[in-house]
Amino acid sequence: MAKSKTAAQTGYKIIATVKSVKGNCSWGHEEGDSFEISCHDTAGLCGFFYHDIYPQLMMLQFGGGFPSTWGDPDVVNAECMDKYNLVKMELRRVKE
């Protein structure tokens with residue numbers, strides 16, 4: 001088995017914040033949870049949700065963004081695919 005490794009920070013830091021939970025998240029996320037997430041670290045997010053947000057996560061981490069006419073180019077709002085236990089999350093690029 002491979003040894004656990006910590007990847008060096010690549011690109012921008014991304015902070016995920018749980019905005020709401022409808023029902024019961026099977027991974028235990030609750031409204032107000034906030035954590036760093038990246039293309040190299042799922043930060044405990046379930047595989048289904050991580051799979052869905054990966055393209056937006058990569059865009060934010062490596063400097064891309066949606067047009068500013070759509071809103072803040074440093075923020076993406078995402079929803080879990082489980083609509084019965086819906087988790088809504090904000091991904092925010094941190095420019096330090």
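Derivation of every value follows stated rules applied to the coordinates shown; laboratory data play no part. Predicted model only: the values in this text are computed from it and were never measured. When we count neighbours, we look across all protein chains shown, and the Cβ atoms used for this are built from the backbone with ideal geometry, even at glycine.
Phi angles of segment 8-17 translate, via the Karplus equation with coefficients 6.51, -1.76, 1.60 and θ = phi - 60°, into HN-Hα couplings of 5, 4, 10, x, 7, 6, 10, 10, 9, 10 Hz per residue; Gly and Pro are given as x.
Note that segment 56-69 has calculated 3J(HN,Hα) couplings of 5, 4, 5, 4, 5, 5, 10, x, x, x, 6, x, 5, 5 Hz, one per residue in order, obtained from phi through the Karplus relation 6.51 cos²θ - 1.76 cosθ + 1.60 (θ = phi - 60°); glycine and proline are x. Per residue of the chain, the DSSP helices (runs of n ≥ 4 H) give a summed -39500 (n - 2.57) that works out to -5000 deg cm²/dmol at 222 nm.
The largest-to-smallest principal axis extents of the Cα set in segment 7-56 are 35, 20, 17 Å.
Here is the list for segment 28-86: GluC sites (Glu not before Pro) lying in DSSP coil, each with at most 14 other C-beta atoms within 10 angstrom of its C-beta, are E30, E31. Sorted from greatest to least, the principal axis extents spanned by the alpha carbons of the chain come out as 47, 34, 20 Å. For the chain, the number of Lys pairs separated by eight or more positions or lying on different chains, with C-alpha atoms closer than 28 Å, is 11.
Checking every one of the trypsin sites (Lys or Arg not before Pro) in segment 61-96 against DSSP loop status and a limit of 14 other Cβ atoms within 10 Å picks out K95.
In segment 1-79, which chymotrypsin sites (Phe, Trp or Tyr not before Pro) fall in coil by DSSP and have 14 or fewer other Cβ atoms within 10 Å? Of the chymotrypsin sites (Phe, Trp or Tyr not before Pro), the ones in loops of segment 1-79 whose Cβ has at most 14 other Cβ atoms within 10 Å are W27, F62.
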